[in-house]
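Engineer: Can you keep this structure in mind? I'll have questions shortly.
The values are calculated or read from the model by the stated rules, or taken from the named source; none is laboratory data. Every value quoted in this text rests on a predicted model; they were computed, and no experiment measured them. With ideal geometry, Cβ positions are generated from the backbone for all residues, glycine too; neighbour counts draw on all protein chains shown.
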Amino acid sequence: MLSFDSMIRSHLDRANRYIAELRADIARERVVIEHALDAGYPSVVAESMLHALEGALRIFEKHRGLILDELERQPSE
C-alpha cells in the first residue's frame, strides 16, 4: 500500500505532467490562431479552445499549489 507521502507525490507528478501538456497545447493553439488570422479565416473556435486550455491550466496550477502546501505540512520522515 502506498504511503500518504507517496500518494501526494504521485499527484504532484501527474499535476506537473498535465501542466506541461497544457502549456504545449496552448502554444500550439496560439499558432493555429495566428495561421487562421494570417489566412483571413475566422478564429473564434480556436480562440475559444485557447481560453478553455488557459482555464484548465489555471485550475491545475491551483491544484498543484494545494499539493505543494500539503507536502509542506507533512512531517519529515
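Engineer: Do we have Pro75 as more than 29 Å from Ile8 (Cβ to Cβ), assigned to a loop (DSSP other than H, G, I, E, B) and not hydrophobic (A, V, I, L, M, F, W, C) here?
Structural biologist: Numbers: more than 29 Å from Ile8 (Cβ to Cβ): no; assigned to a loop (DSSP other than H, G, I, E, B): yes; not hydrophobic (A, V, I, L, M, F, W, C): yes.
Spelling it out, it is not the case that Pro75 is more than 29 Å from Ile8 (Cβ to Cβ), assigned to a loop (DSSP other than H, G, I, E, B) and not hydrophobic (A, V, I, L, M, F, W, C).
Engineer: Given the conditions (1) β-branched (Val, Ile, Thr); (2) closer than 28 Å to Ser3 by Cα; (3) touching an Asp or Glu at 6+ places or on another chain (Cβ under 9 Å), report the number of the one that Ile26 does not fulfil.
Structural biologist: (2)
Engineer: Can you name the number of the only condition in (1) more than 18 Å from His11 (Cα to Cα); (2) touching a residue at least 24 places away in the same chain (Cβ under 8 Å) that Val45 fails?
Structural biologist: (2) is the only condition that Val45 fails.
Engineer: Starting from segment 14-26, take each residue that is on the phi < 0 side of the Ramachandran plot and of a type in the set (Gly, Ala, Ser) and list its partners that are modelled with pLDDT of 95 or more and assigned to a helix (DSSP H, G or I), counting only C-beta distances under 8 angstrom and pairs at least six apart or across chains.
Structural biologist: Matching pairs, first to second residue: Ala15/Phe60; Ala15/His63; Ala15/Arg64; Ala15/Ile67.
Engineer: Applying the selection to segment 48-57, what residues are under 9 Å from the mean Cα position of the chain (by Cα) and either among the aromatic types (Phe, Trp, Tyr) or surrounded by fewer than 12 Cβ atoms within 10 Å (Cβ to Cβ) (or both)? Quick ask: steps written out before the conclusion?
Structural biologist: Taking segment 48-57 as the starting set, the residues that turn out to be under 9 Å from the mean Cα position of the chain (by Cα) are 53-57.
Correct list: Gly55 only.
Engineer: Determine, yes or no, whether Arg73 is out of contact with any helix residue (DSSP H, G or I) (no Cβ under 9 Å at 6 or more places or on another chain), modelled with pLDDT of 95 or more, loosely packed, with under 13 Cβ neighbours inside 10 Å and among the basic types (Lys, Arg). Quick ask: steps written out before the conclusion?
Structural biologist: Numbers: out of contact with any helix residue (DSSP H, G or I) (no Cβ under 9 Å at 6 or more places or on another chain): yes; modelled with pLDDT of 95 or more: no; loosely packed, with under 13 Cβ neighbours inside 10 Å: yes; among the basic types (Lys, Arg): yes.
When the stated conditions are applied, Arg73 does not pass them.
Engineer: Same structure again: Give segment 5-27 a look and list any residue that's farther than 18 Å from Lys62 by Cα and surrounded by 13 or more Cβ atoms within 10 Å (Cβ to Cβ), or say none.
Structural biologist: Matches in segment 5-27: Asp5, Asp25.
Engineer: Taking the options Val32, Val45, name whichever one is in a helix (DSSP H, G or I), in contact with a Ser or Thr (Cβ under 9 Å, 6 or more places away or on another chain) and either surrounded by 14 or more Cβ atoms within 10 Å (Cβ to Cβ) or modelled with pLDDT under 95 (or both).
Structural biologist: Values: Val45 fails: in contact with a Ser or Thr (Cβ under 9 Å, 6 or more places away or on another chain).
Exactly one residue qualifies, and that residue is Val32.
Engineer: Given the options Ile26, Ile67, name the one that is modelled with pLDDT of 95 or more, over 15 Å from Ile8 (Cα atoms) and part of a helix (DSSP H, G or I).
Structural biologist: Values: Ile67 fails: over 15 Å from Ile8 (Cα atoms).
When all the criteria are applied, what remains is Ile26.
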